[in-house]
Each structure stands twice: as C-alpha cells, then as structure tokens.
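Please treat every number below as a calculation from the coordinates, not as lab data. What you see is a predicted model; the values in this text were computed from it and never measured. Cβ sites come from the backbone with ideal geometry, for glycine too, and all protein chains shown count toward neighbours.
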Amino acid sequence: MAFGKIHTDKAPAIGVPLAFWGTGWVGGLAWALWLFLHPRPIWMALWQSPSFLVAVHLFTLGWITPMMLGSLYQWIPVVTNRPWPRARLAVWIYAGYLLGAGAFLAGLSQETWRVAAAGGFLVAGSVLAFVTLAASTLVRRPLTVPLAFVASSLACLTLTVLMGCLMALALAGEGGLLQVLPWHMLLGLGGWFSLTLMGVSYKLLPMLAVTRRDPRWGWWSWALTLGFLFGLMGVASAVPLPTWVRWWGALALPWTVYAVDLYATVRSRRSHQPDVVVLGMAGSLLAGVAAPLLLAAGRGFLAATLFALGWLGLASLSYFQKILPFALWQYQFSRHKGSSVQVPHVAEILPPLWSRGVLGTYIVGGVAAVIGRLVDQEPLWRAGIGVVGLGLALAIVTLVAGFWRSQPHRAQGQSWGRLWGARSSAPSSDDTVWAGPPQSADPAPGGREKGDGANAAVGIRLRLW
C-alpha cells in the first residue's frame, strides 16, 4: 500500500511531543520578537552579522526543528506500527537539544564562537540520537510514500547538523569548513524541512480533511524532489553562491507536482465546509510553489519570507490546530474505559473558533509582511512580523488552555457540557460503562469512519513521560 495505515495504539507518551511543540512555539515567538526588535540586519540582508545569524537559527533551531521533532516523535510509531525503542531516552534528547540550541544562539548573539560551537555539537549529538532511534523504528518496515519522504529528510538532517558543526568550528578558529554553507542551506531548507513537511502531509492531510481517496503522485513527487536536490548539490560546486541560489527555482517543479496532487486529493473531501487545515495548507502550497519561482527571478528575500511564513510556518500552525486536541484526547480519555467520566468531543478541547482566531491572526500578519517586502516598505513588513508574533503567542495560549481543558473532572454533579460550556449529554443509566463520544463525533480529528485505524485510540493507556 502506497500510504499505509495508522496504528494509534503505538503512540508514545504525550509529554515529549508537548515539550517539543511548546519549545517550538516559544522559539517562534522569540524569532518574531527578534525580527521586530532588530529589523535592519534582515531587511538589509547583512547575512554575516551576528543578528542575522541569530534570526536565521531562531527560525530553524528554535521554531521549525522542535515542531518537526515533536511531530515525528508522535507520528513515526503510529505509521510504522512499532513503538519507540528506549523511549525514556527521548527526555534526554530533548534536554540536550534545548541546552545545545540555547548555548548556540547565545554564542552567536555575543560572538563567543567557541560557546556557539559547543552548543552546536550538543544539538548535533541530540539530533543524531533521535535519528538513530528513528532509523531503528523505520528499518524493515514496508516502504510507503510518507516513510520514504521522512527517511530522506532524516538523512538530510544528519548531514545538515554535521555541516553546521564544521562551520561553527571554522568560526571558532578550530578548523572546519565554511565552504559547505551552500550544501548546509540546501539540505536544511530543501531537504530536512521540506521533505518532512511533504511526507507528513501526504499522510495527515487526507486523514484530517476526510478525503475519499489517497494522493496518486506521491512517488513521482519524492523522486523529483530528491533528483533536483542532488542536482543542485552538484551545481553548487561550480556556480557562485548568488547565482546558485537562483537555481533553486528548479524546485518549483517537484513542489508543483506535490501541490497539485494534494489539491486533487482534497477536492474529494466528503464535506466542503471550511476547515482550518485545508485553508492553511492551501496557503502553504501556494507559498511553496511561489518561493522557488521568486528565487529564480532574483527576489531572494521576498522568497525567504514566503518560504518561512507560508510554506513552513503556516503548515505547522494549521496541523497543530488538529493534532494537539486529538493527542490530548488520546492521552486523557482513552484510558477511562469503564469509569464514570463523561468524555468530551475533540472539538471541546480546542474549539474551532480558537483555531480560526490563531490562524487568522497569523495569516493577516504574514500577508502584511509579504506585501511589505514586495513594495519595499520596512514599517509594513515589521508590523506584519509583529502580528505574526501575536499569532504565535495565541498558539502558545491555546496549547496551555487545551491541556487544561483536557484534564478529567470527576467532581460530583458536574458534566462535561457544563464544564466546557457545551450542551450536556444525557447521563448513562449505568455510570460504570464506557461513555465514549457521541456516535456522531469521531475521536479522530478528521472524523474517519470505523475500521480505517482512526478510532484505534480507544482503550490505550499512556503516560506523560
């Protein structure tokens, strides 16, 4: 089967994904604040200045990478039907990554390159430990399209962090190579980030959008993306960096294949009502196709704005609005079989109105930032970044509020309807029977029908760590 089934009974403890996600949103907010407070180095493209380097790595190491590590920690066992080996190592991986990224960013901001190099090696060690655990989970599994994308992205992540360590050593005066910068950029942005997003989307979007069919061009999209990545790596050794960056426009072809494939899949939705994931991914796909074309046209920093805020940021924010409440529901309520606890709808943990508010605020800020860059108006771009930061702050609030709203309440005389401000369901005549969600409310975020794996969460016992 090209896309495989899901096995939610293999989902890990919720604590590690929540820790990575929380770190990612805090890092994203810090990135937006840094851009708002230090706009000139980014606006003037002073790419060798410490402020510019801090901004870039706040985005990569502070926001997107923790979001993806947390998502893969939750996603890989569910797709491979194999639990994580040595699961408790995840806590140490998270701690090492957090300390390493903090030291690296602090070293960059203060121009203490040896501290930055030490932090970089700690990040690399944590990432390599994660990749090793992930590889042991992926090995000898049937190769599906999503797993092919993710396996390739993990290989790109390994090479990216190793090249980053070489450059950190060069800055610290301890040897190393600055010449690997083009490959570091390509494997990080076009490989690790983009391949992970594409692989996860090929599995999650059809499920969350409740489509009638799976994507059909997944293998073509994977092969074309890898082919163009390897081709660009070869071109990098013969073409100067400014000219080579324009060659990234070639990535528009495989990303267009991917976008059209997902668009055709989403058109087969069972319901055509507006959905935050569908709307968010529509913007992400448009930004992903436009960014390489703008690079080819010489509008590099406009392309970078679209790539960061649209292709990666908007997609992660959209998925988060669906994955978070389902993960919390699974953690809190799948173990209450046979208890007197009434079980809420997934939508009661994170109401759709909250999701629309978060996504709408982020999109308004992102559009303002893109327009500001397009018309060369720094105040408008800066204001847009500030609104983006507000959207990320709201995302942090929803994470905390969603976790609080998911706590089981056993107080006598209180029902889920009264606690959540929703209509109360009629009490069962036998309060020792598993109440479960109403028949019309599937616990899965996309509302899949029974039998396709989306309801397998019922009856699972999970721990926080």
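Given R₀ = 35 Å, FRET efficiency for residue 110-residue 87 by Cβ-Cβ distance, to 0.05? Intermediate values should be presented prior to the final figure.
Values: r = 36 Å, r/R0 = 1.04.
For residue 110 and residue 87, the calculated efficiency is 0.45.
How big, in percent, is the set of alpha carbon pairs in region 164-320 lying more than 29 Å apart?
It works out to 24 percent of all Cα pairs.
What is the sum of charges around residue 366, taking Lys and Arg as +1, Asp and Glu as -1, for the other residues whose C-beta is under 14 Å from the C-beta of residue 366?
+2
For region 230-377, taking Cα atoms only, what is the radius of gyration to one decimal and the Dmax to the nearest whole Å?
Values for region 230-377 (Cα only, Rg and Dmax): 19.8, 69 Å.
Using a ≥ b ≥ c from the Cα gyration tensor of region 119-248 (square roots of the eigenvalues), is it rounded, prolate or oblate, where a/c under 1.5 gives rounded and otherwise the larger of a/b and b/c decides, a/b for prolate?
oblate
Based on the mean of other beta carbon atoms within 10 Å per residue, what is the order of 146-153, 262-269, 376-383, most packed first? Please list the in-between numbers first.
Working: 146-153: 22.2, 262-269: 17.0, 376-383: 15.2.
Order by mean packing, descending: 146-153, 262-269, 376-383.
If all Cα-Cα distances of region 201-247 are sorted into 10 Å bins from 0 onward, what percent lands in each bin, rounded to whole numbers?
Taking every Cα pair in region 201-247, the percentages come to 23, 30, 23, 19, 5.
State log₁₀ I(q)/I(0) for region 1-102 at q = 0.11, 0.13, 0.20 Å⁻¹ as given by the Debye formula over alpha-carbon point scatterers of equal weight, solvent excluded.
With no solvent term, the Cα-only Debye profile gives -0.44, -0.57, -0.93.
Which peptide among 100-110, 237-247, 284-294, 35-45 comes first, and what is the full order, when sorted by highest mean count of other Cβ atoms within 10 Å? Could you put the intermediate results ahead of the total?
On the way: 100-110: 20.1, 237-247: 12.8, 284-294: 22.7, 35-45: 16.2.
Going from most to least packed, we get 284-294, 100-110, 35-45, 237-247.
Quick one: length gained pulling residue 243 to residue 270 fully straight, 0.36 nm per residue minus the C-alpha distance?
Working: separation 27, 0.36 × 27 = 9.72 nm, distance 4.59 nm.
Full extension from residue 243 to residue 270 adds 5.1 nm.
Long-range amide H contacts for residue 269: which residues qualify at under 5 Å (H placed 1.01 Å from N, peptide plane, sequence gap of 5 or more or a different chain)?
212
Based on the mean of other Cβ atoms within 10 Å per residue, sort peptides 46-54, 325-333 so the most packed one is first.
Result, highest mean first: 325-333, 46-54.
Along the Cα-to-C-beta direction of residue 7, a point sits 7 Å from the Cα; which residues of region 63-90 have their amide N less than 14 Å from that point?
Label zone hits: 75-85.
What trypsin sites (Lys or Arg not before Pro) does region 123-220 have in DSSP loop regions with at most 14 other beta carbons within 10 Å?
Hits after loop and neighbour filter: 140, 212, 213, 216.
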